[in-house]
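Trainee: One structure coming up, written as structure tokens, with questions to follow.
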């Protein structure tokens, strides 16, 4: 196996809780689209569709045959340069056990003061 040259190596910098903030990849894309600096009409045009088509695809209505596809995701990333939906997928599905354990320990550490206060209020361990 040949090492990857440093200029081609990818560094992933996960935003904390990205996978927890979104219920699905589509929800992540929807948030990104509607908070984009580009107006919806411009973004949709860059993705080679109308604003109403993009809105319908993002609505994910089970009665509407229009769906946001992988090609649409690529068009979104190409148009905006925003890789947040890809990072969401990487964080959700590519995080190893070490990262999960580290996140759990960080969450526990942040809860420690609250737990102490609750135990004190309950009269436990006084």
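The values are calculated or read from the model by the stated rules, or taken from the named source; none is laboratory data. Since this is a predicted model, take the numbers as computed values, not measurements. A quick note on method: Cβ atoms are made from the backbone with ideal geometry, for glycine too, and the neighbour counts reach across all protein chains shown.
Trainee: For the range 88-115, name all the residues that are closer than 30 Å to residue 40 by Cβ and modelled with pLDDT under 90.
Mentor: 90, 91, 92, 93
Trainee: Taking helices (runs of 4 or more DSSP H) that fall entirely within the range 59-126, which contain at least 1 residues that are in the same structural domain as residue 35 (by TED's automatic domain parsing), touching a residue at least 24 places away in the same chain (Cβ under 8 Å) and closer than 24 Å to residue 39 by Cα?
Mentor: 70-80, 84-94
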